[in-house]
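**Student:** A single structure is presented below for examination.
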There are 2 protein chains.
Amino acid sequence: MTVRAGVVVTGTEVLAGRVADRNGPWVAQQLLELGVDVAHITICGDRPDDLTAQVQFLADQRVDLIITTGGLGPTADDLTVATVAALYGREMHLDVRLEKRISEIVERWRSRLSSAVDSEPLKAGIRKQAMVPEGAQSISPTGTAPGVAISANESGTLPAVLILPGPPRELQAMWSEALACAPIAQVLTRRAQIRQDTIRAYKLSEADLAATLRTAERAIEGFDALEITTCLSLGELEMVTRYAEPAAPAYSDLVGLIGKHHGAQVFSTDGSTIDDIVADRLTGRRIATAESCTGGMIAARLTDRAGSSAYVIGAVVSYANETKTGLLDVPTESIEQHGAVSEPVAASMAEGARHRLGVDIAVSTSGIAGPGGGTELKPVGTVCFAIAAADRPTVTRTLLLPGDRASVRALSTTAAMHMLADALKPDR
Amino acid sequence: MTVRAGVVVTGTEVLAGRVADRNGPWVAQQLLELGVDVAHITICGDRPDDLTAQVQFLADQRVDLIITTGGLGPTADDLTVATVAALYGREMHLDVRLEKRISEIVERWRSRLSSAVDSEPLKAGIRKQAMVPEGAQSISPTGTAPGVAISANESGTLPAVLILPGPPRELQAMWSEALACAPIAQVLTRRAQIRQDTIRAYKLSEADLAATLRTAERAIEGFDALEITTCLSLGELEMVTRYAEPAAPAYSDLVGLIGKHHGAQVFSTDGSTIDDIVADRLTGRRIATAESCTGGMIAARLTDRAGSSAYVIGAVVSYANETKTGLLDVPTESIEQHGAVSEPVAASMAEGARHRLGVDIAVSTSGIAGPGGGTELKPVGTVCFAIAAADRPTVTRTLLLPGDRASVRALSTTAAMHMLADALKPDR
């Protein structure tokens, strides 16, 4: 038996495209990992009629669970709880213990705030946040907004609903308690045990993978029980497969077939990302970057990770030629002879970073991100890379990357990560 | 008269939260700027029933225009056009000229591809993409997928619909032609002339702005005609106001009032971002960064901008202490005495970058991004900044920033941009 869910994301700033929604994707991923099928995500502004219409739409679609995010704040335009309660025909009442709890949280924050806070509106806001629909269960706030869970109605026309706050950190911190509370736990008991596995490949085209999947369809028994989606992003092709336990042998056969056809491109079958792999292979080593067109993006990505100070020593962003010569010892003649965007200069940058920062391995980029600066011989998107490592020759490479400035920079960063992973391979 | 629109984003990978949707926000912003009201955004996977349900939902909500994104590819799971055509009761027919045009585009791409492409499926895919619903208008492809526009049906139960491809660059490149085509242009003639203006402030709390807005409500005639939404992100409070021309004086009064109460926090009233302001003020100057906890994020952000090579000379990411001393001349004793996360070390880093890279201004960061490394005196989130500039003393500052590692790094980067903007102010 499967459980279907719908997610309603509220917030005028999300609907207007001014803020990227982080809750819909996060909730969807959590649900899918739990074996819940996500049927719809809807986004609405702070208008009660639109919110009612979306919740009613999901109920009409016969989902078993609705999760809403946002609209739980203390101000008048935060109206999710009241709107859902009205649709479900539940009176609202003040939960005095909740009111006390929120007051304590606010008091703690207030003592840290520099700006004076208006006292009457504050109390009214706390009271508003402590209003709970009849028969609903509240979920402890991690910010000031408690969550609310309501069971499906008796006639079965309205499914269980879980109302969570908008700030992603608050929502995520409340997630386990929310799943465990009775109205939601009851729905989840009906979910299927679904496995979800991911294969990641670099520089594999969707067309080539599609051809292999057509072969698999003919060759692998039980292939139809695998629900496969593929997605190409920054040169990485991600294939996610969802399947019930009995289809595990079919999935295992599929992994084998893909490995046989595209072994050189597949870099992960256990869910790890290229960042995980690079970090893992850097254990016990020291790394630096020398970046021109990526402007620090590789260093930023490497240090995004907790604990990266164990292996990231530093980086030089040598945007100007004088920085290439001054901080990375790139010979002026090399720049004059080959141009800043050239493999010899990239090689000198990586070697310079390796020596100046005293690391085991250094990666460099020098390219034309555009929109200006392209020539016939070196059009926009031309990017030279080098990897300098101890006890082996420096390796260089030139790619012609498509798209605009942001695309060329992002693709270059990902390409550098893959070159690092290759260079750090244990068998090399 | 207002025009209301709904947006349907398709794609299993978006619904599953594996890929962030860029089309919904972009389309919503474009529509709002045109004076079209966006009522709903819905996200669905590649299932025809769910797509039909969402389009029908928007029709039931009486929107005047539906825009769909995605599902126009050559493969079987790309089914937006056929699904919408079925709902609208339109037969599909092959547009031979379109088929030829797509073939030419594919041929051009194919000649650049290294991997062999299977010929029969390719032709079938092109034929599929050249199928157009009866009476619909096609929009020239910029990738291989043409768009489709269908007028509202005669009974008025189904609104005009614009079907666009999923890749953001293709969609955006087709936008003007899409708006100009008859079925869509006809709807847009009914739109209101709406202005949209933005005020941006840094370190202004939502509560303080709300108090000023309550004052404005009492004091400013015509205030009710202003549709205001506020949004706090990375310490920046953005207030977007939409209004019809007659409310322009009320908006102007509001800008005056906000300036009076929060002049020190407001940094933009003309739509410019802090990145625009910093870039503008760097004209004719040279900048470098010296980054520890931000790991290159400030340099990456500065160089994100086309033309930034005119003023960005480079950066040193001095993640390890030895890089701080070796490349930025931070005295070892200073690190020993004050710790790497201290204002004296941040000052030395900025000054070192200024001298080593020969720039007019340098900004530095040194902080504890977490999750480890915090102490009682310097908890996670402690970040020291410095700005070193010619002919004036180096300025330092310490902030305690909230949240997890990613949050601390992002807030630090934005804080550095604001410190740079302040330091570069013309009257200083």
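The values are calculated or read from the model by the stated rules, or taken from the named source; none is laboratory data. Since we're looking at a predicted model, the values are computed, not measured. Ideal geometry is used to build each Cβ from the backbone, glycine not excepted, and the neighbour counts take in all protein chains shown.
**Student:** Hey, among B:Ala178, B:Ala192, B:Ala185, B:Ala173, which residue is small (Gly, Ala, Ser), out of contact with any helix residue (DSSP H, G or I) (no Cβ under 8 Å at 6 or more places or on another chain) and in a helix (DSSP H, G or I)? Explain how you work it out, then say what you get.
**Tutor:** Numbers: B:Ala178 fails: out of contact with any helix residue (DSSP H, G or I) (no Cβ under 8 Å at 6 or more places or on another chain); B:Ala192 fails: in a helix (DSSP H, G or I); B:Ala185 fails: out of contact with any helix residue (DSSP H, G or I) (no Cβ under 8 Å at 6 or more places or on another chain).
Matching residue, one of B:Ala178, B:Ala192, B:Ala185, B:Ala173: B:Ala173.
**Student:** If you go through the stretch B:192-199 one residue at a time, do you hit one that is under 30 Å from B:Val19 (Cα atoms), touching an Asp or Glu at 6+ places or on another chain (Cβ under 7 Å) and of a type in the set (S, T, N, Q)? Let's see the steps before the verdict.
**Tutor:** The first filter runs over the stretch B:192-199 and keeps only residues under 30 Å from B:Val19 (Cα atoms), leaving B:196, B:198.
Still in the running and touching an Asp or Glu at 6+ places or on another chain (Cβ under 7 Å): B:196, B:198.
When the remaining residues are screened for being of a type in the set (S, T, N, Q), the result is B:196, B:198.
Yes: one or more hits.
**Student:** Looking at (1) over 26 Å from B:Leu377 (Cα atoms); (2) surrounded by 24 or more Cβ atoms within 10 Å (Cβ to Cβ), which one does B:Val317 not meet, given that it meets all the others?
**Tutor:** Evaluating B:Val317 over (1) over 26 Å from B:Leu377 (Cα atoms); (2) surrounded by 24 or more Cβ atoms within 10 Å (Cβ to Cβ) leaves (1) as the failure.
**Student:** Which one of these does B:Val255 not meet: (1) part of a helix (DSSP H, G or I); (2) farther than 30 Å from A:Arg301 by Cα; (3) within 20 Å of the chain's Cα centre (by Cα)?
**Tutor:** Answer for B:Val255: the failing condition is (3).
**Student:** Same structure, new question: Could you please let me know if A:Gly263 is more than 8 Å from chain B (Cβ to nearest Cβ) and without any contact (Cβ under 8 Å) to a residue 12 or more places away in the chain? If you could, list the steps in order and put the result at the bottom.
**Tutor:** Numbers: more than 8 Å from chain B (Cβ to nearest Cβ): yes; without any contact (Cβ under 8 Å) to a residue 12 or more places away in the chain: yes.
Spelling it out, A:Gly263 is indeed more than 8 Å from chain B (Cβ to nearest Cβ) and without any contact (Cβ under 8 Å) to a residue 12 or more places away in the chain.
**Student:** (1) buried (at least 18 other Cβ atoms within 10 Å of the Cβ); (2) modelled with pLDDT under 95: which one isn't true of A:Ala279, the others all being true?
**Tutor:** Failing condition for A:Ala279: (2).
**Student:** Same structure, new question: Here is a list: A:Arg218, A:Arg190. Which entry is touching a residue at least 60 places away in the same chain (Cβ under 8 Å), surrounded by fewer than 16 Cβ atoms within 10 Å (Cβ to Cβ) and either out of contact with any strand residue (DSSP E or B) (no Cβ under 9 Å at 6 or more places or on another chain) or not acidic (Asp, Glu) (or both)?
**Tutor:** Numbers: A:Arg218 fails: touching a residue at least 60 places away in the same chain (Cβ under 8 Å).
It is A:Arg190.
**Student:** Further question on the same structure: Which numbered condition trips up A:Ala130, out of (1) modelled with pLDDT of 95 or more; (2) in contact with a helix residue (DSSP H, G or I) (Cβ under 8 Å, 6 or more places away or on another chain); (3) surrounded by 16 or more Cβ atoms within 10 Å (Cβ to Cβ)?
**Tutor:** That leaves (1) as the condition not met.
**Student:** Give just the number: which of (1) facing chain A (nearest Cβ under 7 Å); (2) in contact with a Leu (Cβ under 9 Å, 6 or more places away or on another chain); (3) free of Cβ contacts under 8 Å to residues at least 60 places away in the same chain; (4) closer than 17 Å to A:Leu15 by Cα does B:Trp26 not satisfy?
**Tutor:** Only one criterion is unmet by B:Trp26, namely (3).
**Student:** Tally up the residues in the stretch A:1-54 that are surrounded by fewer than 24 Cβ atoms within 10 Å (Cβ to Cβ), out of contact with any Pro (no Cβ under 9 Å at 6 or more places or on another chain) and β-branched (Val, Ile, Thr), please.
**Tutor:** Matching residues across the stretch A:1-54 total 4.
**Student:** Let me ask something else about it. Being under 30 Å from B:Pro344 (Cβ atoms), surrounded by fewer than 19 Cβ atoms within 10 Å (Cβ to Cβ) and out of contact with any His (no Cβ under 9 Å at 6 or more places or on another chain) is the requirement here; does B:Ala264 meet it? I'd like the intermediate steps shown before the answer.
**Tutor:** Numbers: under 30 Å from B:Pro344 (Cβ atoms): yes; surrounded by fewer than 19 Cβ atoms within 10 Å (Cβ to Cβ): yes; out of contact with any His (no Cβ under 9 Å at 6 or more places or on another chain): yes.
The answer is yes for B:Ala264.
**Student:** Something else now. Quick one: A:Thr283 ticks every box in (1) more than 7 Å from chain B (Cβ to nearest Cβ); (2) within 27 Å of B:Gly374 (Cβ to Cβ); (3) not in a loop (DSSP other than H, G, I, E, B) except a single one, so which number is it?
**Tutor:** So the condition that A:Thr283 fails would be (3).
**Student:** While we're on this one: Restricting attention to the stretch B:197-234, which residues are at pLDDT 90 or above, among the polar types (S, T, N, Q) and in contact with a Ser or Thr (Cβ under 8 Å, 6 or more places away or on another chain)?
**Tutor:** B:Thr198
**Student:** Can you list the helices (runs of 4 or more DSSP H) found entirely within the stretch B:59-150 that contain at least 1 residues being within 14 Å of chain A (Cβ to nearest Cβ) and of a type in the set (A, V, I, L, M, F, W, C)? Explain how you work it out, then say what you get.
**Tutor:** Values: elements: B:80-87, B:96-110, B:119-129.
Where helices (runs of 4 or more DSSP H) fall fully within the stretch B:59-150 and carry at least 1 residues being within 14 Å of chain A (Cβ to nearest Cβ) and of a type in the set (A, V, I, L, M, F, W, C), they are B:96-110, B:119-129.
**Student:** If we keep just the residues of the stretch B:32-58 that are facing chain A (nearest Cβ under 9 Å) and closer than 17 Å to B:Leu188 by Cα, which is farthest from the chain's Cα centre (by Cα)?
**Tutor:** B:Ala39
**Student:** Something else: Looking at the stretch A:29-54 only, could you name the residues that are in a helix (DSSP H, G or I) and either within 27 Å of B:Leu32 (Cα to Cα) or in contact (Cβ under 8 Å) with a residue 40 or more places away in the chain (or both)? Give the steps one after another, and end with the answer.
**Tutor:** The initial filter retains those residues of the stretch A:29-54 that are in a helix (DSSP H, G or I), namely A:29-34, A:48-54.
Within the stretch A:29-54, A:Gln30, A:Leu32, A:Glu33, A:Leu34, A:Pro48, A:Asp49, A:Asp50, A:Leu51, A:Thr52, A:Ala53, A:Gln54 meet the criteria.
**Student:** If you don't mind, another one. From the list A:Arg354, A:Arg392, which residue is among the basic types (Lys, Arg), within 14 Å of chain B (Cβ to nearest Cβ) and closer than 20 Å to A:Val278 by Cβ? I'd like the intermediate steps shown before the answer.
**Tutor:** Details: A:Arg392 fails: within 14 Å of chain B (Cβ to nearest Cβ).
A:Arg354 is the lone residue from the list that is among the basic types (Lys, Arg), within 14 Å of chain B (Cβ to nearest Cβ) and closer than 20 Å to A:Val278 by Cβ.
**Student:** Being within 14 Å of chain A (Cβ to nearest Cβ), closer than 30 Å to B:Glu104 by Cα and out of contact with any Ser or Thr (no Cβ under 7 Å at 6 or more places or on another chain): is that true of B:Thr241 here? Show your work before the answer.
**Tutor:** Numbers: within 14 Å of chain A (Cβ to nearest Cβ): yes; closer than 30 Å to B:Glu104 by Cα: no; out of contact with any Ser or Thr (no Cβ under 7 Å at 6 or more places or on another chain): yes.
No; evaluated as a whole, the condition is false for this residue.
**Student:** Suppose the filter is at the interface with chain A (Cβ under 8 Å from one of its Cβ atoms), outside any helix (DSSP H, G or I) and at pLDDT below 90; does B:Val19 pass it?
**Tutor:** On the way: at the interface with chain A (Cβ under 8 Å from one of its Cβ atoms): yes; outside any helix (DSSP H, G or I): yes; at pLDDT below 90: yes.
When the stated conditions are applied, B:Val19 passes them.
**Student:** Condition (residue is closer than 30 Å to B:Gly284 by Cβ, out of contact with any helix residue (DSSP H, G or I) (no Cβ under 6 Å at 6 or more places or on another chain), surrounded by fewer than 21 Cβ atoms within 10 Å (Cβ to Cβ) and of a type outside the set (S, T, N, Q)) applied to the stretch B:378-386: is it met by at least one residue?
**Tutor:** The answer is no, given that none of the residues of the stretch B:378-386 is closer than 30 Å to B:Gly284 by Cβ, out of contact with any helix residue (DSSP H, G or I) (no Cβ under 6 Å at 6 or more places or on another chain), surrounded by fewer than 21 Cβ atoms within 10 Å (Cβ to Cβ) and of a type outside the set (S, T, N, Q).
**Student:** State which residue is surrounded by the most Cβ atoms within 10 Å (Cβ to Cβ) when the search covers only the stretch A:55-76 and only residues that are touching a residue at least 60 places away in the same chain (Cβ under 8 Å) and farther than 12 Å from A:Pro159 by Cα.
**Tutor:** Looking at the filtered set, the residue picked out is A:Thr68.
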